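Any read-out appearing in this document is the output of simple, stated calculations on the displayed coordinates, not a laboratory observation. The shown structure was predicted, so the numbers you read here are calculated from the model rather than taken from an experiment. A quick note on method: Cβ atoms are made from the backbone with ideal geometry, for glycine too, and the neighbour counts reach across all protein chains shown.
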Amino acid sequence: MTETAHEPVTTLATPIRLDFDFTPGVAQSRFLKGLAKATFMGQRCSVCGKVYVPSRGSCPTDGVPTTDDVELPNTGVVTTYCVVNVPFAGQSIEIPYICAQILLDGANISFMGLLQEIPTDQIRMGMRVEAVWVDEAELTPSLSSVRYFRPTGEPDAEYDTYKEYL
Amino acid sequence: MSERCAVIGVGQTHHKAKRDDISIAGLVREAAKAALEDAELTWADIDAVVIGKAPDMFEGNMMPEIYLAPALGAVGKPMIRVHTAGSVGGSTSIVAAHLIRSGAHKRVLTVAYEKQSDSDAMWALSVPQPFAAPLLAGAGGYFAPHIRAYMRRSGAPDHIGRMVAVKDRQNAMRNPYAHLHLADISMEMVEESMMLWDPLRYLEACPSSDGAAAMVLAAEDSISGRYPPAWVHGMAMRSEPTMFAGRDQVNPQAGRDCAADVYAQAGVTDPRKDFDVAEVYVPFSWYEPMWLENLGFCDLGDGWKLTESGATAFDGDIPWNTSGGVLSSNPIGASGMLRFLEVAMQVRGQAGEHQVDGARLALGQAYGGGSQFFSMWVVGSEKP
Amino acid sequence: MADNEVLHADHRLEYPYSRSTGPVIGAFLTGLLDGRLLGVEGSNGSVIVPPTEYDPITSEDTGEMVEVGPGGVVETWAFVAHPRPKHPLDRPFAWALIKLDGATTSLLHVVEVDSADGITTGDRVTVRFRLPGERIGAMSDIECFVPESGGEGR
Amino acid sequence: MSPARTIRPVSVASFAQARNVRRDDEHNEVEMLMPVVAEVFGNISITKDDVDFICSGSTDYLIGGPFSFVMALDAVGVWPPRSESHVEMDGAWALYEAWTLLQEGEIDAALVYAFGRSSLGDLNEILALQLDPYYEAPLWPDPTSLAALQAQALIDAGKATEADFAAIASRSRKSALENPNAQVAIDIAPEVLLEDPYVVTPLRRHALPPITDAVAAVVLAAGDKAIEWAGRRGRKPVWITGMDHRMETHSLGARDLTVSPSTAKAAEMAGVGGGPVDVAEIHAPFASQEVIVAEALGLGGDTTINPSGGPLAANGVMSAGLIRIGEAAEAIATGRARRAVAHATSGPCLQQNLVCVLEGEA
């Protein structure tokens, strides 16, 4: 009963497009607006004293609001890293490149950043780095304001000083 | 007040990069019907259904229990949908087991799946959101730095990851349901595969699969099936925050606590000796030595030595991932349940070519997110 | 930018999902290409439309495909005076559950009517397919249903 | 038939919710949840260390990104690591999961929370993704249209009229005047509401729920903790005496849309008929659906329905069901009821339903 002149249908395209108004909330807005001024704004937990950057508004271990703003310097340490060699959708950087966990000086948590101005085989855990910002006219409330991080040339940090933040 | 609970039926699909022969409902039914057959039951015998999967964006089908209820025999019954990221297949099994242990139901069908080829895993796991960092690393890029940290801490030599990649693919050759069947897998082949996220090579990473897993769980007075039951001796879930100051992502506290909890429930004091087999969520090869330490199979820093010694190989004293593991099949939402299901098969003696002789007590583990969600269970051939 | 101002941004979630249909849904969609409506034999002699691999109540495997329609009866309806952008028609219409001739269950689709007065439960409607060259093997191959009287309304 | 087994008494020890609003423009989910979690603990002077299990309910599609529950956990602060789980369902089902664990007798207290911001996207499009992805979702039927199909079936069956829908809407929003957390609270006569235009015939504007951003949390406690924690507020425990939930088929064309057999079955299993029901908190997002649920629950004229205003006064997707349980418990704890029923629903046209029976002590 199913004779047909057509090739049987085996796949169905169902495109889905939904539009949202996104807000990152109070605390992250503060961090993002800091980026637009080429600064890293963190927040300190009033219970444990740890500095979060970026902060999402709560201390993840204490579950209390973080309200104490802390401006952090542009410098920090590479705690660990990987070299990305795989092309994937949405990628805008030429491979291979270094994706590093960066612990800003004075922060208690690292975040992922792009590392440049160093060959991929010379990167080390513990390397001192600094943020390179985009031109002032291009600064926006987004991590895109950080062009990348680069080595400062200072001596590497001792493993013991950052081993808790890998 | 707690009832005993046992696995009395298991089923899974043939896992593939794209199951282009089947609908989403067809995929989950392939696993569920196999589990019912194994338990020698019909849809009508089931009291409740618990379903799990990872983000709904994989299939673009929101809260899919709503659509899938009639495909899984849930009409007129309770149905629950669990989502705990990559650990979800394990958590789903545990939620189902609680329905038995609490006395609420006698026979529960639990199913987990992912039809990730309907979209794209890389997209669905990290949908670009406003203000987020530009996509820097992709999936493996999140885990590779932690692998590097493990290597630094333990002093493990480079070839350990390759050994795991080979071992798990060799095990998969024994498992007809596995996605990858790489007959000629070798250390050289892994080493020659593309370096994706240094230090992680292509063949040290899991595939992206379509697939489903299902189990029938039953109370003590409702046992049936082709094989003896696998009794649940212990089960636990643990979560810790995704990012916090001082978080140890190589050896997460949540994993250690979760293991301690299930071991205490099951009376396990020396996991390497007490377990006959373990099926552990290893999506990247280096997670075997890392989880060996996290799960207490050896001292801190010695995980790689256990792998290197062959202890975790199929013929070793504590075989890990006899099914071929996540490295050989990875339908994300189902991957955790496949771990739990494999150990149930082992202690029921139904694992065929990948059966460990005389397996009596086994550990299944799943983890998810950025290693912050854990679920584990211990099953045995003897009543607890 | 004020210091206490919270940021907002447009966020678009978009993907061109491609679904494998399996044999039963595939047969129905192939039928649409041919301008035919198919159901499937379910439990207890029922005919399920649209067809699924399983009976919607008993969950048992379904059987042979059978042709149904092209006409049917409106079981219930809901009139939309102002269609939303993604709705199947860009002019007023009614959603309806339509029990096609030969079917046991009803199909969700739209009926072309220009006012709520133009549709009543129990009305007979018939399918209007898109032109053969416009069909793609999807639900949208059914442009809509129209009142069997010709759609002039009452 | 009464429940086939004896259940362990578990109390709703504390309940908190944010004020339900059309749009919280400012906060992310974590920031919305933190004060509510603090309040639900603070009500009974406990901390996160006093609960043995945490379970939450939410859906990624409201925010349009995967893993929204992951970050939400930061509102609790799960350190040291906690036994924790999540359902991609209304928080009422998260409460059910926690209640199941409490039944085993190995733990005594649990935190349940739910969150959802319906204001971020277009709920009419988002909820279409719950439908069959091959046959129905591609047509983008919106929830109001599907509810209107059900309402028309109800009218055709002679079970309700548009005037009944207006009366329900009028009563709900008038009751909401007594609820400081409600979103839509107003005293308008049904006759006036009947002049509203149709959104989708036969549903007029007043028969639709508002779009709501909401978060809510509940602490469940058993045994001595239930008694002690209630006592800290000078209250007696509110006990859950039965709970059950049931699913129906997804195929609207295979259902009789004028009845809710799943609600009736859940009500039977939860033991609703075992005594008089003073208050029923019903999660029927559309006014027409309340008619169906009230019948399925077997409620008589003595029951006060939705004294909180119900979902017609505030309908936080993913939290509205949990809030029904919380409101029902509060009605008992504050002496407005001795025995109450809470109901939660999910899916198009009341496809899945949960029923919870709560009782106070004399």
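What the table shows:
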quantity	calculated
Cα-centre dipole for chain D with unit charges at Cβ (Lys and Arg positive, Asp and Glu negative), debye to 20	760 debye
Centroid-to-centroid separation of segment B:313-327 and segment D:243-266 [C-alpha atoms, Å]	45 Å
Chain B: calculated mean residue ellipticity at 222 nm from DSSP helix runs of at least 4, using -39500 (n - 2.57)	-10000 deg cm²/dmol
3J(HN,Hα) from dihedral phi, segment B:59-68, Karplus parametrisation 6.51/-1.76/1.60, rounded to Hz, x for glycine, proline	10, x, 10, 6, 6, x, 4, 5, 6, 8
Lys, Arg +1 and Asp, Glu -1 on Cβ, resulting dipole of the protein assembly as shown about Cα centre, debye, nearest 20	1300 debye
Filtered GluC sites (Glu not before Pro), segment C:8-78: DSSP coil and at most 13 other beta carbons within 10 Å	C:Glu64
Inter-chain shielding of D:148-154 (mean C-beta neighbours from other protein chains, 10 Å cut-off)	6
Selection from A:Gly63, A:Gly34, A:Gly49, by position along the positive dipole direction of segment A:23-72 (Cβ)	A:Gly34
Separation in nanometres of the label points that stand 7 Å from Cα toward Cβ, at D:Asp187 and D:Glu104	5.2 nm
Whole-Hz ³J(HN,Hα) from phi, Karplus 6.51 cos²θ - 1.76 cosθ + 1.60, for segment A:80-87, glycine and proline x	7, 6, 9, 9, 8, 10, 10, x
Amide hydrogen neighbours beyond the local backbone of D:Glu281, cut-off 5 Å, H modeled	D:Asn306, D:Val341, D:Ala342, D:His343
Relative contact order of segment A:73-166, pairs being alpha-carbon contacts under 8 Å that are 6 or more residues apart, as %	31 percent
Vicinal HN-Hα couplings computed from phi for segment B:356-373 (Karplus, 6.51 cos²θ - 1.76 cosθ + 1.60; Hz; Gly/Pro x)	8, 4, x, 4, 10, 9, 8, 10, x, 9, 9, 9, x, x, x, 6, 10, 10
Cα-centred dipole magnitude for chain B, charges only on beta-carbon of K, R (+1) and D, E (-1), debye, nearest 20	600 debye
Inter-label distance for A:Thr4 and C:Asp117, nm, one decimal - labels placed 7 Å from Cα along Cα-to-Cβ	4.2 nm
Between segment D:186-215 and segment A:46-101, the alpha-carbon center distance in angstrom	47 Å
Which of C:Ile98, D:Ile107, A:Ile98 has the fewest Cβ neighbours within 10 Å, and the rest in rising order	D:Ile107, A:Ile98, C:Ile98
Among B:Trp231, B:Gln249, B:Ala214 the positive-end extreme of the charge dipole of segment B:212-278 (Cβ point charges)	B:Gln249
Neighbour-count order for B:Val127, D:Val10, C:Val24, fewest beta carbons within 10 angstrom listed first	B:Val127, C:Val24, D:Val10
DSSP-assigned coil residues among GluC sites (Glu not before Pro) in segment C:77-154, each with at most 13 further Cβ atoms within 10 Å	C:Glu152
Cα pair distances in the protein assembly as shown, grouped into 20 Å bins until the bin that holds the longest one, percent each	13, 44, 36, 7, 0
C-alpha long axis of helix C:22-33 to longest principal axis of chain C, angle in °	90 degrees
Model label zone, C:Asp10; criterion: amide N under 15 Å from point 7 Å along Cα-to-beta-carbon; scope segment D:99-141	D:121-122
Between 0 and 90°, nearest 10: helix D:91-103 axis offset from chain D longest Cα axis	40 degrees
Peptide C:80-88, shielding by other chains (average Cβ, 10 Å cutoff)	6
Label point distance in nm, D:Glu39-D:Arg19, each placed 7 Å from Cα along Cα→Cβ	1.0 nm
Among beta bridges that DSSP assigns inside segment C:90-154, antiparallel share in %, nearest 5	90 percent
Averaged over D:47-56, number of beta-carbon atoms from partner chains that fall within 10 Å	1
Loop-resident sites, segment B:162-233, for trypsin sites (Lys or Arg not before Pro), counting at most 13 other Cβ within 10 Å (DSSP)	B:Arg226
Amide H contacts under 5 Å for B:Phe275, placed H, 5+ residues apart	none
Of D:Ser45, D:Trp93, D:His245, farthest towards positive along the dipole that unit charges on Lys, Arg, Asp, Glu beta carbons give chain D	D:Ser45
Cβ crowding within 10 Å averaged over residues, with B:355-366, D:296-307 ranked highest first	B:355-366, D:296-307
Debye intensity ratio I(q)/I(0), log10, chain D, q values 0.07, 0.10, 0.12 Å⁻¹ (C-alpha model)	-0.27, -0.56, -0.82
Between segment B:104-153 and segment D:286-348, the Cα center-to-center distance that results, in Å	38 Å
C-alpha long axis of helix D:320-333 to longest principal axis of chain D, angle in °	60 degrees
